[in-house]
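Have a look at the structure below before the remarks.
The values are calculated or read from the model by the stated rules, or taken from the named source; none is laboratory data. Everything numeric in this text was worked out from a predicted model, so none of it was measured. Heads up: the accessible areas ignore ligands, DNA and RNA and are worked out on the full protein's heavy atoms, side chains in. Shrake-Rupley method; radii C 1.70, N 1.55, O 1.52, S 1.80 Å.
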Amino acid sequence: MLLTGIMLASGLAMVAVETVGYTRGGYNSAFWKLPLDDKLDHVAEHRWEWWWISLWELVGLALVTGGVFGFATLLAEAGEAVVANVALGIYVVALIAWVVGALFQAAAVSEASKHRAEMDETPAWIHPFWSAAWVGEASWIIGANAAYAVFGIALLQTDLLASWAGWAAVVGGAVIAVAVGVTRNGFPQLALLVPAIVGVTLVLSA
């Protein structure tokens, strides 16, 4: 239980590490509002920070995913195997979408920024990659939070944690998923909030 809790909460810890790249590279809200051409110009000047953010994000995903699998196991042992596995399946699909999108965003954008810096033009091939990364990110935020809501339903049927933790997962996951789906606006860290809450609760209950 303790290890699972630590891994679930580790995603936000990795965000703190990523912040070094966000801050030094100027990857703030103003950057994400720029046209793609201007984004590439910025990445060309801060490519090291771009890779720093991308690599640590993948580390965070790996740790949180280990925690999610551990959490599904705990729920299964508590008698909610079917619902936990349904939630796990939803999570895995969302995760795959974002891992592919994150790799596209990291490698393709970096290469396109280099091309633009050298040739003074944006390569046409970057546009589908950028769109795919956006779809992957949206799928991750919505899908992962939907999975957390289902995990919360399973949690409420057990005595694993206090009922408020289950309700936090249900309500938090559902609200974030619906809000991002409606506004079509969000950031991948929104898929780390519910696991952090559940993770801290597991650590305190261990």
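Against the chain, whose longest principal axis comes from its Cα atoms, helix 36-45 is set at around 90 degrees. Legend: P(r) of the chain from all alpha carbon pair distances, 10 Å bins from 0, whole percents, reading 9, 34, 31, 17, 8, 1, 0. D by Stokes-Einstein for the range 1-86, Kirkwood Rh over Cα pairs, 25 °C, 0.890 mPa s: 166 µm²/s. Rolling a 1.4 Å probe across the protein heavy atoms gives the chain an accessible surface of 47 Å² per residue.
Summarised in one figure, the compactness ratio Rg/Rh of the range 20-133, Cα atoms and Kirkwood Rh, is 1.13. Ligands, DNA and RNA left out, the 1.4 Å accessible surface of the range 52-206 is 70% carbon and sulfur atoms. Taking 0.692 mPa s as the viscosity and 37 °C as the temperature, the Stokes-Einstein diffusion coefficient of the range 69-191 based on its alpha-carbon Kirkwood radius rounds to 208 µm²/s.
Largest GNM mean-square fluctuation among Trp98, Trp32, Trp140, using the chain with Cα springs under 10 Å: Trp32.
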